[in-house]
Each structure stands twice: as C-alpha cells, then as structure tokens.
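**Q** Input: one structure, supplied below.
The values are calculated or read from the model by the stated rules, or taken from the named source; none is laboratory data. Source: prediction; values computed, not measured. Note that we place each Cβ from the backbone using ideal geometry, even for glycine, and neighbour counts take in every protein chain shown. The area values use the complete protein model at the heavy-atom level, side chains included, leaving out ligands, DNA and RNA. Shrake-Rupley method; radii C 1.70, N 1.55, O 1.52, S 1.80 Å.
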Amino acid sequence: MTGTVEGRGEPLLRFGWPERHADWIALVCPTGGFFTRAQLAAFLGVGLPQAARVVRRMLERKIAVERVLEGRKVCRIRSKTVYRALGLDPQRGRWRIGTEAVVVRLLSLDYVVDHPGLPWLPTATEQVRAFEAAGIKRELLPSRLSGGRAPQRVLYFPRAFPVAFGGGRALFAFTDPGYARIRPLRKWAGGHRRLWEALRARGHRVEVVAIVRAVRELRRSRRALDLCRVPDPSPSSGEGRAARSERKRIERAILEGSDEALPVPGDIQSGLRRIAALREIERSVRAWPEIDAAAVWRSSRLPGGWC
C-alpha cells in the first residue's frame with residue numbers, strides 16, 4: 001500500500017501481529033477503531049472466512065469486541081495498550097457514541113480502504129502539522145471548543161472526516177450517513193472556507209468528495225456540491241442579497257459619476273469603504289465556498305438502509 005497508511009502499524013509488530021494486520025489496526029484506531037469484516041477483507045485482499053479468522057484472533061487476544069449493530073456485526077478495537085503503542089489517546093477505544101456516529105466512521109473508513117494510494121492524514125494532529133508546514137495559519141483551520149468544564153481547548157478538524165494532502169492536492173471528505181438534509185454539508189463547507197481559500201491562493205488544488213450509502217444522498221450531495229464550483233455563487237440569504245444589490249448600486253454610481261447611491265454625497269471614499277463592508281457581508285453569508293473539483297462516492301459495503 002502506498003500513501004501514509006503503509007508502515008503505520010510498525011509499533012504493533014512487537015506484539016506479534018503480521019505487518020498487514022498491524023497496518024489495519026493502525027488505520028482504524030485514529031477514528032475510534034470501528035470496522036466490519038467486509039472492510040477488513042477488502043483491505044487484506046482476502047475472503048470473508050479469512051477476515052473472520054483475523055477478527056477471531058483479535059477477540060481471543062481481547063484487543064477488540066464485536067457487537068451486532070442494526071443487524072450487522074461491527075468490530076471495535078478497544079485495547080488501551082494498542083492505542084498507547086500507536087501514540088493515540090487510549091480513551092478513543094472507550095468512547096460511547098450513537099449509531100449515526102458509528103455509521104459515519106464506517107463510511108469514512110470505507111472510502112479510505114478503496115483509495116489506499118492517497119496521502120491520508122489520519123489524525124487531527126497530523127492534519128494541523130501538515131497544513132502549518134504548507135504555510136497555513138492555525139486560525140484558518142476548522143475548529144471548535146471542547147465541551148465540558150473549563151479549561152476548554154481548541155479541537156481542530158472536529159468532525160474527524162478523512163483528509164488527504166500532498167503533491168499540490170488537498171482532498172476533504174464529507175460523510176453523509178443519510179440522517180440529515182443539506183444543512184450539515186453546507187455548515188461543514190462553510191467551516192472550511194478560509195482553509196480552502198488559503199490553499200487555493202497558494203496553488204493547491206482543493207477537492208471535495210461526499211461519501212454516501214444510498215441513492216437519495218447521492219443525488220442530494222451532487223446537487224449541493226455543484227454549487228461549490230460556481231465561480232461567484234450568489235448569497236443565499238436575504239441579508240446577502242441585499243448587500244450584493246447595494247454594492248452593485250454604489251459601484252455603478254461611482255462608475256457613472258453619480259452621487260445618489262453614495263453614503264456621503266460627493267465622497268467617493270465613503271462609497272469605497274461601504275463597498276468593502278458589503279463585500280465582507282456577502283462573504284460571511286455566501287452559501288458555498290469555491291473548490292476545484294467535487295465528487296460523490298457511494299459505498300458498496302455499507303448500502304443504504306443498513307441502519
């Protein structure tokens with residue numbers, strides 16, 4: 001396997017795991033350790049019976065547990081020793097999350113399994129480090145404050161969706177489990193706006209892929225992502241439309257030498273300042289940031305209606 005996944009399981013070789021099995025464990029652990037037997041089989045290039053034997057070994061060695069989730073078996077790496085060996089927070093394998101979150105993690109993993117040659121950055125720490133090395137300031141990265149009591153800390157790339165970066169190309173994946181409509185995708189894209197703009201300004205190609213499992217999500221995501229590729233998408237809110245309209249009137253007035261649309265009659269500088277302010281309003285409410293390419297990928301191992 002090429003890309004950053006290869007060799008990541010080296011710290012686990014001392015526990016007796018074959019290299020490919022160790023790489024698999026290292027691949028799934030950063031996002032909580034969830035996987036299905038079909039995904040393991042695809043990664044190893046073996047049939048389901050062989051994958052079942054690998055899972056059975058994990059269960060016997062008590063590094064993993066397997067549960068039935070909505071009619072299908074889902075395995076989870078939970079050994080603190082394994083997480084520590086990989087330099088990860090051992091509590092990752094202890095998090096209790098809902099069905100939707102599990103499906104999101106499984107879908108994200110499914111895309112990575114089918115695209116092993118991309119330069120994946122499995123953890124937020126690696127993502128932050130890679131973008132900072134490319135000259136992107138940390139404040140431009142998507143983030144939120146951690147929950148719970150103070151002191152709070154900043155969590156970067158909090159959705160933990162797949163990110164690949166290298167060779168002048170940045171790929172960001174959005175995983176749609178099929179529980180929501182277009183708003184989550186729009187919010188996620190908005191949170192990445194400044195990062196994508198900074199990357200494109202530095203000559204990097206920005207691509208987005210929506211990972212889905214059903215035809216309805218496939219169609220919906222295609223329609224949404226098409227908007228990202230419009231050179232100058234129109235603001236979607238009333239505030240944005242009003243700002244755009246006023247800006248156009250002031251610009252036209254300046255070009256025509258008219259005073260009627262200027263904030264201060266006869267003062268072109270007041271008009272220019274107002275234009276700058278209106279542009280900021282438009283940017284803040286614009287529905288979709290610009291990207292270079294968009295695609296939708298549908299999982300064959302986790303079909304719609306699974307949960």
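**Q** Just the accessible area per residue of the stretch 1-116, please: how many Å² with a 1.4 Å probe?
**A** Solvent-accessible surface per residue comes out at 47 Å².
**Q** Okay, moving on. Obtain the radius of gyration and the Kirkwood radius of the stretch 55-211 from its C-alpha atoms and give Rg over Rh.
**A** When Rh is taken as the Kirkwood radius, the ratio is 0.98.
**Q** Could you work out the local net charge near Arg202, counting Lys and Arg as +1, Asp and Glu as -1, over the other residues with Cβ closer than 14 Å to its Cβ?
**A** Here the charged neighbours net out to +2.
**Q** Rounded, prolate or oblate: which fits the stretch 70-147, taking a ≥ b ≥ c as square roots of the Cα gyration tensor eigenvalues, rounded meaning a/c under 1.5, else prolate when a/b beats b/c?
**A** The shape class here is prolate.
**Q** Which value in nm describes the separation of the simple spin-label points at Glu251 and Arg169, placed 7 Å from the Cα toward the beta carbon?
**A** According to this spin-label approximation, the distance is 3.4 nm.
**Q** Sticking with this one: Tally Lys and Arg at +1 and Asp and Glu at -1 over the other residues with C-beta under 12 Å from the C-beta of Arg138: what net charge comes out?
**A** +1
**Q** From the Cα gyration tensor of the stretch 32-89, with a ≥ b ≥ c the square roots of its eigenvalues, which class applies: rounded if a/c is under 1.5, or else prolate if a/b is larger than b/c, or else oblate?
**A** prolate
**Q** Apply 1/(1 + (r/R0)^6) to the Cβ-Cβ distance of Asp267 and Lys187, taking R0 = 51 Å, and write down the FRET efficiency to the nearest 0.05.
**A** 0.85
**Q** Using r as the Cβ-Cβ distance of Phe15 and Arg96, and R0 as 35 Å, what FRET efficiency do you calculate, to the nearest 0.05?
**A** The calculated FRET efficiency here is 0.85.
**Q** Just check the stretch 1-66 against the gyration tensor rule for me: Cα atoms, a ≥ b ≥ c as the square roots of the eigenvalues, rounded for a/c under 1.5, and otherwise prolate or oblate depending on whether a/b exceeds b/c.
**A** In terms of gyration-tensor shape, rounded.
**Q** Restricting to DSSP loop positions (anything but H, G, I, E, B) with no more than 12 other Cβ atoms inside 10 Å of their own Cβ, which chymotrypsin sites (Phe, Trp or Tyr not before Pro) remain in the stretch 19-104?
**A** Trp95
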